[in-house]
Amino acid sequence: MAFESLANRLQATFDRLRGKGKVTEDDVNEMMREVRLALLEADVNFKVVKEFIAKVKERAIGQEVLKSLTPGQQVIKVVNDELTQLMGGEQSKIALASKAPTVVMMVGLQGAGKTTTTGKLAKYLQKQNRRPLLVACDIYRPAAIKQLQVLGEQLKVPVFSLGDQVSPVEIANQAIEQAKAEHNDYVLIDTAGRLHIDEKLMDELKDIRATVNPHEILLVVDAMTGQDAVNVAESFNQQLELSGVVLTKLDGDTRGGAALSVKAVTGKPIKFAGMGEKMDALEPFHPERMASRILGMGDVLTLIEKAQANVDQDKAKELERKMRKAEFTFEDFLEQMAQVRKLGPLDDLLGMLPGMNKVKGMKDLKVDEKALNRVEAIVKSMTKEEKQNPELLKTTSRKRRIAHGSGTSIQEVNRFIKQFEEMRKMMKQFTKMTDQAKKKKGKG
Ligand code: GDP
């Protein structure tokens with residue numbers, strides 16, 4: 001999960017402060033020492049850390065905070081505000097040209113995730129009812145054109161390519177002409193990457209920029225490379241004048257140093273974050289939500305947005321009805337699992353719930369996706385009748401068949417059926433409880 005270690009450390013520091021009725025200047029100083037260490041350990045740029053701590057201290061020791069009724073809470077609020085500012089304050093959206101098409105140049109080093117991100121961005125724009133055109137300008141890496149074409153096919157987004165014998169400048173130019181003719185409102189140019197920054201690459205990118213006059217130059221960097229990502233961003237920015245950064249692989253970056261330093265070091269905002277390999281694993285970057293995730297306050301807004309965009313609302317209503325009547329079957333179970341999984345890896349979802357770290361044992365909970373796959377296999381190995389009628393699963397012969405079909409054991413099948421029954425019972429009790437609560441409220 002992103003920012004895991006930093007989040008754990010900061011939250012432990014703040015827990016000690018939260019309940020305090022009185023907070024002294026010494027308390028703040030001591031806490032800031034720990035915050036400083038936590039940030040350095042998260043691989044945040046040391047200059048950025050220094051300035052951050054100075055700002056927080058100045059505000060926290062200010063009279064209105066320490067003398068307030070809830071000094072602990074106030075100090076945490078100051079840290080939250082400053083973290084948000086550090087990452088850019090407001091969300092920085094992708095440009096939209098007043099006259100279509102909006103031209104976006106995607107740049108970055110090899111392996112950072114540039115081509116994948118170009119595809120993800122096309123999908124993101126598609127969901128906003130835009131009509132992107134992908135342009136294959138990486139003519140050097142042998143498989144790059146093919147990779148983009150495959151993504152385009154998968155997403156049903158057109159891909160413009162002239163093979164690898166025409167210059168990237170020419171390809172980009174012709175692509176924009178085609179976009180105008182075909183009424184594509186975004187042109188996403190996938191440029192060449194290198195293993196290291198070199199002059200030849202920069203010259204080529206500058207040539208493309210000079211010819212197409214892009215509205216956005218987005219640099220794709222790998223968050224897992226920490227301060228290297230920040231250095232790469234600084235060099236690209238000096239040469240090309242970026243408009244924004246996309247941080248990829250934030251799903252695997254437990255430290256978060258790049259995410260916290262890029263804006264402060266380069267002055268350029270993070271516009272999107274890559275959260276996985278799949279095409280829908282791209283999130284617009286919201287500094288205030290990210291800060292609140294780091295401080296364990298959750299990010300319910302993103303969760304709700306994900307649910308609204310991905311979960312079939314009619315199906316959700318039908319499931320709720322069934323739960324109330326305890327008609328919930330194995331088939332419904334599969335359905336619900338599929339819906340939840342559309343939202344992303346379960347670890348990440350749990351991290352978005354406020355106070356999740358406070359629930360005993362939750363902090364160390366690793367959702368075992370493999371175990372979930374096995375459960376899914378068990379249900380899929382049931383016959384249609386069995387899926388609809390859990391009562392049928394009493395006989396050993398049926399269980400043996402299911403275990404065999406799913407590559408599991410009878411014990412595992414038994415365990416799952418038992419859990420499922422428990423779950424049904426719980427749902428019944430839960431709906432009874434909420435109904436009673438509603439009735440009481442109605443009377444009172
Ligand atoms: P390019 O050389 O910069 O075009 O890199 P690619 O787009 O080919 O990506 C390199 C690798 O990183 C691929 O295996 C991608 O699946 C993976 N990748 C890209 N973005 C993400 C991300 O946000 N999260 C994770 N976990 N993997 C990613």
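Lys440 meets all of the listed conditions (1) over 38 Å from the mean Cα position of the chain (by Cα); (2) modelled with pLDDT of 90 or more but one, namely (2).
Just one residue in the set Asp185, Asp190 is in contact (Cβ under 8 Å) with a residue 60 or more places away in the chain, more than 14 Å from the ligand (Cβ to nearest atom), in contact with a helix residue (DSSP H, G or I) (Cβ under 9 Å, 6 or more places away or on another chain) and not assigned by TED's automatic domain parsing to the domain that holds Leu39; that residue is Asp185. Within the range 389-404, being surrounded by 15 or more Cβ atoms within 10 Å (Cβ to Cβ) and not aliphatic (A, V, I, L, M) holds for Pro390, Arg398, Lys399, Arg401. Scanning the range 127-173 for residues that are of a type in the set (Val, Ile, Thr) and within 15 Å of the ligand (Cβ to nearest atom) yields a count of 5.
Residues that are at pLDDT below 95 and of a type in the set (D, E, K, R) within the range 187-202 comprise Arg194, Asp198, Glu199, Lys200, listed in sequence order. Residues of the range 102-126 that are under 15 Å from Val187 (Cβ atoms) and within 11 Å of the ligand (Cβ to nearest atom): Met106, Val107, Thr118, Gly119. Filtered by the rule that a residue be polar (S, T, N, Q) and surrounded by 23 or more Cβ atoms within 10 Å (Cβ to Cβ), the range 231-252 gives a lone residue, Thr248.
Could you tell me whether the range 206-217 includes any residue that is under 24 Å from the mean Cα position of the chain (by Cα) and either on the phi > 0 side of the Ramachandran plot or within 16 Å of the ligand (Cβ to nearest atom) (or both)? Yes, the range 206-217 contains at least one residue that is under 24 Å from the mean Cα position of the chain (by Cα) and either on the phi > 0 side of the Ramachandran plot or within 16 Å of the ligand (Cβ to nearest atom) (or both). For the range 218-239, the tally of residues that are of a type in the set (A, V, I, L, M) and away from the ligand (no atom under 16 Å from the Cβ) stands at 1.
Residues that are of a type in the set (S, T, N, Q), surrounded by fewer than 21 Cβ atoms within 10 Å (Cβ to Cβ) and either in contact (Cβ under 8 Å) with a residue 40 or more places away in the chain or in contact with a helix residue (DSSP H, G or I) (Cβ under 6 Å, 6 or more places away or on another chain) (or both) within the range 93-115 comprise just one, Gln110. Of all residues in the range 245-272, those being small (Gly, Ala, Ser) and within 16 Å of the ligand (Cβ to nearest atom) number 4.
The values are calculated or read from the model by the stated rules, or taken from the named source; none is laboratory data. Since we're looking at a predicted model, the values are computed, not measured. All Cβ positions, glycine included, derive from the backbone under ideal geometry; neighbour counts span all protein chains shown.
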